[in-house]
Amino acid sequence: MAKVVAVTGNEAVANALRQVNPDVCGIYPITPQTDMMQRYASFISNGKVDTEAILVESEHSSMSACIGASAAGGRVVTATSSQGLALMWEMLHIASGDRLPIIMPVVNRALSAPLNIHGDHSDAMGARDTGWIQIWSENAQEAYDNTVQSFRVGEHMDIRLPVMVCLDGFIISHSIERMEYLEDAEVKKFVGEFKNLFPLLDLDKPKSYGPLILTDLYHEYKRAQHEVMTKVKDVVLDVAKDFEKLSGRKYGLFETYRLEDAEIALVILNSAAGTSKDVVDEFRNKGIKAGLLKPRLFRPFPYEEVAEALGNTKAVCVMDRADSFGGYGPLFMEVSSALYHLKERPLLINKIYGLGGRDYMPSHAELVLNELAEIAKSGKIRTYKEYIGVRE
Amino acid sequence: MAETTEIRWHGRGGQGTVTAAKVLADTCLSGGRYVQAFPEYGPERAGAPLRAYNRISSKELRMHCPVLNPDVVTVVDATLLDSINIAEGAKENTIFIINTTKAPMEMREKLGAGSKQRVITVDATKIALDCFGRALPNSPMLGALCKATGLVAIEHLLEDVKKSFGKKFSQKIIDGNLEATKRGYEEVKEA
């Protein structure tokens, strides 16, 4: 029986981790993640889990400790945000390069400077090329569900890769919302026993992780990482199918909302997608064929599927809550690459919104959808990339 | 009431406004409703003006942004009336619930409230001082909100106040808050 509760996103994810009861958790606080790891530390202190906490002096150390524990043969988690993820950067590559299925909720927050503690996607987008799987979540329910599913994806014997589960800082991490918990036993059974692959602690069969490989085989090693990423989509879908049987909640590589016959569409990640769906409904009520695509699996990015889903639209705006200064927003670049191979493709624009926690309001979605309707009609684009919601 | 009720709370840091919004969300879960509670996060300082929000709906809540057009405006600290426009974005039938010693008619005039807008007052600070000796008006404000909106039965609210305050406080403080919640419910005045 599912239990309906009103909790914050941080509390929801901390409970998902509690239900999985991993062997080791690297803990270092950073706003807005702090409250999640604080709750997990309470679970440890109160004997709700038998996880070994490793309290470290930085996120670089936290990821290093996780790498050690994972290579030793444990099921390992940690969580971070913003500067914390940035500080982990070199170790992120080692976790993925060593094929260690570490699970890490990332509570998305802006990067300094200037200092800002609020939600945007600059942190996780900066970790795009680190070889981690990335799964994104709209609300507390999705953050919880994605965390539970991420263990099955990362630990799959054909995959063995670390996974980031992304949720919006404050907007989701600190807001209370209604959601449903699965039973502890259901989660335990769904996730299953942790299976080892080449554990260092198997002393009868000594092995080494991360040795020196020069020009002879490094290139092949990296190709193997690319190859394994191509298998992730199918595993994500298989796990989602099993999860639907358990929870009744359906997940895919992305979510489409009223996109089937849409002429104009938004592509938008996380919490702002929810706000946008209400506005899409308003446009539909006015007789305008609007729709939405919300990516879930960002790494690996499902190019063919996204292209197919957006292929019949006339104009699309990709909304980024992060920027690649001097380039387009990171999500735009992916969608743009996905659509390039189509013979007929929608006109495409990029809007940057909500940096540093700037509120994304329904009026912003309206503004963009109105512009898209105009583009669809005239075939003319005024500007490809633009910041919206800017104080002038 | 409409299928979704949006509430905006105005308070000052340290008055328990955010806690009140959280308790309300928890209480309104009953009957299968969807709820949200979230503060506007800024530098957290005692005495600084802050806003918090609730959404309560029979439909799934997907909106993740501040409430712009509140159905209910709850003012936990009446001194805010002179420094900010608490009626910003109000609808023609918005309910204002104000913690004040003043009469509801006086508040109605001060706000320039429209004929369909309801103005409700409660001396929540006095109730809090009477019941548990501290100027923390959040629990009587919850009682007043419960009476004014009918969003939830007072029995459910009292259970949730007990549960929520029970995590942090002594029995004496819990009992005081329960009494304060009840009195807030009973002592609302409307003009």
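Couplings 3J(HN,Hα) of segment A:156-164, computed from phi: 3, 4, 7, 10, 6, 9, x, 10, 9 Hz, in residue order, whole Hz [Karplus 6.51 cos²θ - 1.76 cosθ + 1.60, θ = phi - 60°; x for Gly and Pro].
Ranked by the mean number of other Cβ atoms within 10 Å of their residues, highest first, the peptides A:344-353, A:23-32, B:77-86 come out as A:23-32, A:344-353, B:77-86. Projecting the Cα atoms of A:Ser208, A:Val279, A:Thr31 onto the dipole axis of the protein assembly as shown, where Lys and Arg carry +1 and Asp and Glu carry -1 at the beta carbon, places A:Val279 farthest toward the positive end. Beyond 23 Å in Cα-Cα separation lie the following of the pairs A:Lys277/A:Lys314; A:Lys233/A:Lys343; A:Lys3/A:Lys250; B:Lys22/B:Lys168: A:Lys233/A:Lys343. Straight-line cross-link partners of A:Lys205 among the lysines, defined as a Cα under 20 Å from its Cα and at least 8 positions apart when in the same chain: A:Lys195.
Ranking B:Ile154, B:Val35, B:Gly89 by Cα position along the charge dipole of chain B, where only Lys, Arg, Asp and Glu carry charges on their C-beta atoms, puts B:Val35 farthest toward the positive end.
For segment B:4-190, give the percent of accessible area contributed by carbon and sulfur heavy atoms, probe 1.4 Å, rounded to a whole number. Here carbon and sulfur together make up 49 percent of the probe-accessible area.
Name the shape class, rounded, prolate or oblate, that the alpha-carbon gyration tensor gives for the protein assembly as shown, where a ≥ b ≥ c are the square roots of its eigenvalues, rounded holds for a/c under 1.5, and otherwise prolate holds if a/b is larger than b/c and oblate otherwise. It is oblate, given that a/c is not under 1.5 and a/b is not larger than b/c. Charge dipole of segment A:315-392 (Cα centre as origin; +1 on each Lys and Arg Cβ, -1 on each Asp and Glu Cβ, all else neutral): 180 debye, rounded to the nearest 20. Only Lys, Arg, Asp and Glu carry charge here, each on its Cβ (+1 for the first two, -1 for the last two); on that basis segment A:43-192 has a dipole of about 220 debye about its Cα centre. Taking amide H positions as modeled 1.01 Å from N, with prolines and chain starts lacking one, the residues under 5 Å from A:Val267 and 5 or more places away or on another chain are A:Leu293, A:Cys317, A:Val318, A:Met319.
Looking at segment B:24-144, the DSSP beta bridges with both ends there are about 40 percent antiparallel. Computed from the Cβ-Cβ distance with R0 of 60 Å, the FRET efficiency linking A:Glu57 to B:Ser115 stands at 0.45. Per residue of A:169-176, other chain Cβ atoms within 10 Å of the residue Cβ number 4 on average. Of the residues B:Arg62, B:Arg134, B:Arg118, the one that moves most in a GNM of chain B with alpha-carbon contacts below 10 Å is B:Arg62. Considering only A:His341, A:Tyr328, A:His364, the residue lying farthest towards the positive end of the dipole of segment A:255-387 is A:Tyr328, judged by Cα position with unit charges set on Cβ. Solvent exposure of chain B amounts to 44 Å² per residue of accessible area, where only protein heavy atoms count and the probe is 1.4 Å. 3J(HN,Hα) along segment A:232-248: 5, 3, 4, 5, 4, 5, 4, 5, 4, 5, 5, 5, 5, 4, 6, 10, x Hz, from the Karplus curve 6.51 cos²θ - 1.76 cosθ + 1.60 with θ = phi - 60°, whole Hz, x for Gly and Pro.
If you take every DSSP beta bridge fully contained in segment A:198-307, what fraction is antiparallel? Give it as a percent rounded to 5. If I count the DSSP bridges inside segment A:198-307, around 50 percent turn out antiparallel. For A:Ile102, the amide hydrogen comes within under 5 Å of the amide hydrogens of A:Val163, counting only partners 5 or more places away or on other chains and with H modelled in the peptide plane. Other protein chain C-beta atoms within 10 Å of residue C-beta, averaged over B:52-61: 2.
Between the amide H of B:Thr74 and those of B:Arg8, B:Trp9, B:His10, B:Ile97, distances stay under 5 Å, these residues lying 5 or more places away or on another chain, with hydrogens modeled in the peptide plane. Comparing each chain alone with all protein chains together (probe 1.4 Å, DNA, RNA and ligands left out), the residues of segment A:1-47 losing at least 10 Å² of accessible area are A:Val4, A:Ala6. Sum up the charges of everything whose Cβ sits under 9 Å from the Cβ of A:Thr80, counting Lys and Arg as +1 and Asp and Glu as -1, but leave A:Thr80 out. Net charge around A:Thr80: -2. When the helices of the protein assembly as shown are scored as -39500 (n - 2.57) per DSSP H run of n ≥ 4 and the total is divided over every residue, the value at 222 nm lands at -12500 deg cm²/dmol. Here the 3J(HN,Hα) profile of segment A:317-328, calculated from phi with Karplus coefficients 6.51, -1.76 and 1.60 at θ = phi - 60°, is 10, 8, 9, 10, 9, 6, 9, 9, 4, x, x, 8 Hz, Gly and Pro shown as x.
Per residue, segment A:255-387 exposes 42 Å² of solvent-accessible protein surface, assessed with a 1.4 angstrom probe and all protein chains in place.
Of all beta bridges that DSSP places with both ends in segment A:255-387, some 15 percent have antiparallel geometry. Rg of the Cα atoms in chain B, relative to 2.2 N^0.38 Å, amounts to 0.94. For segment A:277-295, a reduction of at least 40 Å² in accessible area between the chain on its own and the assembled protein chains (probe 1.4 Å) is found at A:Asp278.
Shown for chain A: the carbon plus sulfur share of the solvent-accessible area, taken with all protein chains present and a 1.4 angstrom probe, equals 52%. Taking the average, over residues, of other Cβ atoms within 10 Å as the packing measure, peptides A:157-168, A:256-267 rank A:157-168, A:256-267 from highest down. Here r is the Cβ-Cβ distance between A:Gln38 and A:Arg249 and R0 is 35 Å; the resulting FRET efficiency, rounded to 0.05, is 0.80. Summing both sides, the accessible surface hidden between B and A at a 1.4 Å probe radius is close to 1900 Å².
For segment A:255-387, the Kirkwood hydrodynamic radius comes to 14.5 Å, computed from all pairs of different C-alpha atoms. Summing Cβ point charges (Lys, Arg +1; Asp, Glu -1) relative to the Cα centre of the protein assembly as shown gives a dipole of roughly 720 debye. Calculation over all alpha carbon pairs of segment A:33-130 in 10 angstrom steps from 0 returns a P(r) of 16, 46, 31, 7, 0 percent.
The values are calculated or read from the model by the stated rules, or taken from the named source; none is laboratory data. None of the values given here were measured: they were computed from a predicted structure. Cβ: placed from backbone, ideal geometry, glycine included. Neighbour counts: every protein chain shown. Heavy atoms of the whole protein, side chains included, go into the accessibility calculation; ligands, DNA and RNA do not. Shrake-Rupley method; radii C 1.70, N 1.55, O 1.52, S 1.80 Å.
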